[in-house]
Each structure stands twice: as C-alpha cells, then as structure tokens.
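K.L.:
One structure follows; several queries about it will come next.
Read the figures in this text as sums done on the coordinates, not as results from a lab. If you're wondering where the values come from, they're calculated on a predicted model, not measured in any experiment. In this analysis, Cβ positions are derived from the backbone assuming ideal geometry, glycine residues included, and neighbour counts consider all displayed protein chains.
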Amino acid sequence: MAEGTSLFRSTPDASNPASYTAAQFHPDGFLLGCGTKAGAVEVWDARAGKWAVPSPLSCDAAVTAMAFSENGYHLATACETAVQVWDLRKLKCVHSVDFAGRGTPKGVAFDLGAQFMAVAADSVAVFAAKKWDALGELSGLPSKGATAVAFGAKAAKVFVGAADHKLRVYSAE
C-alpha cells in the first residue's frame with residue numbers, strides 16, 4: 001500500500017489556536033480554505049505551505065461549511081447564524097445572509113457555472129450569485145434539516161443530504 005506524503009502541517013501559535021471545522025480546495029487546486037472554531041477563515045497556498053492571504057478572514061462564529069465558486073472569485077463561509085460571501089479578488093465580504101431562526105447552515109455549494117449558491121440548514125435556500133437574491137427554498141426535509149447540498153450539471157438538479165440519512169434530488173423541471 002502506498003503512503004501519502006505530508007505537504008505541510010499547520011501549527012497554530014498561542015494567540016490563535018486553530019481548531020479546524022471546515023475545509024475546501026479552491027478550483028485551481030493550489031489554494032486551501034480552512035475554517036476554524038474561532039470563526040477565522042485561513043486561505044493557504046498548498047504548494048508553499050504558507051498563508052496565501054495576509055491575515056484570516058473573519059466570520060461571526062465557528063465556521064460550519066465553506067465552498068469556493070467554480071470560477072474561483074468567491075468563497076462562501078457558513079457559520080452558526082449566517083453565510084458570508086467573500087470576493088477573493090478584493091478580500092472583503094460582499095454579502096451576508098442572516099440564517100437566525102432558520103437553523104445552522106451545515107452545507108453550502110455553488111453550481112459549476114457560478115450562477116447559483118445553495119445553503120443547507122433547516123431548509124435549503126437557493127440564491128442567484130452576484131446579486132445574491134433569494135430564489136426560493138426546497139421543501140420536504142426532515143425536522144432536523146439538511147446537512148449537505150450540491151448542484152448537478154447545468155444546475156438542473158440540486159442534491160440534498162439530510163439528517164435522516166436520505167438523499168433527495170430536486171429538479172428544475
């Protein structure tokens with residue numbers, strides 16, 4: 001059996017002990033986003049083993065999920081009560097969606113065309129990317145809600161993993 005090789009190891013300093021709660025590779029495969037229990041989002045250069053962004057992006061609470069848009073321009077980070085969308089070209093938050101009262105977001109995804117974003121919580125909300133308008137919510141989920149979400153080809157389907165261990169497939173048709 002082949003063994004993997006460690007590329008780098010994150011060693012938190014005493015002032016910022018990292019307890020990682022989410023991670024996602026950028027579409028280029030060279031950047032790695034890591035969310036922490038303290039609400040920091042670190043963007044690493046996986047080749048060099050150092051931060052690609054000078055300082056972590058800051059979320060309001062522990063990061064529960066994250067996703068890069070396919071074009072690599074945006075990063076969505078979910079925390080206990082909100083989802084923040086970051087423009088990686090400007091390193092700033094360009095939109096925030098309040099999820100207070102709608103459950104903790106446990107999954108977030110962009111479609112391959114970077115036209116839509118979906119958030120899995122007590123329900124699954126779908127948003128138009130760039131303007132971040134809410135397009136609707138998917139129904140028929142168990143009381144504990146959704147735990148994961150993904151788009152199919154051309155965003156024609158949305159796949160939802162739920163707390164009841166069932167996969168649901170929603171179609172645009």
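K.L.:
Students often get this wrong, so try it: which of (i) 12.3; (ii) 11.6; (iii) 12.8 is mean projected area of the Cα convex hull in nm² as calculated from the structure shown?
P.N.:
Answer by label: (ii).
K.L.:
Which order, highest average first, do 117-130, 158-171 follow once you tally other Cβ atoms within 10 Å for each residue and take the mean per peptide?
P.N.:
Going from most to least packed, we get 117-130, 158-171.
K.L.:
Output ³J(HN,Hα) for region 97-105: one whole-Hz value per residue in order, computed from phi by the Karplus curve 6.51 cos²θ - 1.76 cosθ + 1.60 with θ = phi - 60°, and x for Gly and Pro.
P.N.:
Listing the rounded values in order: 10, 6, 10, 4, x, 10, x, 6, x Hz.
K.L.:
Distance in nm between label sites at A128 and D164, each 7 Å beyond Cα in the beta-carbon direction?
P.N.:
3.3 nm
K.L.:
In debye to the nearest 20, how big a dipole does the chain give about its Cα centre with +1 on each Lys and Arg Cβ and -1 on each Asp and Glu Cβ?
P.N.:
With only Lys, Arg, Asp and Glu charged at Cβ, the dipole is about 120 debye.
K.L.:
While we're here: Just order 135-147, 90-102 by mean Cβ neighbour count inside 10 Å, highest at the front, would you?
P.N.:
Values: 135-147: 14.6, 90-102: 13.0.
Those peptides, ordered most packed to least, come out 135-147, 90-102.
K.L.:
In addition: Distance between Cα centroids, region 36-76 to region 109-172: provide it in whole Å.
P.N.:
22 Å
K.L.:
Which ³J(HN,Hα) values, rounded to whole Hz and listed in residue order, are derived for region 128-143 from phi using the Karplus coefficients 6.51, -1.76 and 1.60 in 6.51 cos²θ - 1.76 cosθ + 1.60 with θ = phi - 60°, glycine and proline given as x?
P.N.:
7, 5, 6, 9, 6, 6, 6, 9, x, 10, 8, 10, x, 9, x, 4
K.L.:
Choose one of A156, M117, V63: the residue whose Cα lies farthest towards the positive end of the charge dipole of the chain (beta-carbon charges +1 Lys, Arg; -1 Asp, Glu; about the Cα centre).
P.N.:
Projecting each Cα onto the dipole axis, the largest value belongs to A156.
K.L.:
Counting alpha carbon pairs within less than 8 Å and at least 6 residues apart, what relative contact order, in whole percent, applies to the chain? Intermediate values should be presented prior to the final figure.
P.N.:
Working: 434 pairs, mean separation 20.3, N = 173.
12 percent.
K.L.:
So which of K92/K130; K92/K131; K106/K144; K37/K130; K90/K130 end up more than 18 Å apart by C-alpha?
P.N.:
Details: K92/K130 14 Å; K92/K131 16 Å; K106/K144 11 Å; K37/K130 28 Å; K90/K130 14 Å.
Going by Cα-Cα distance, K37/K130 fall outside the 18 Å limit.
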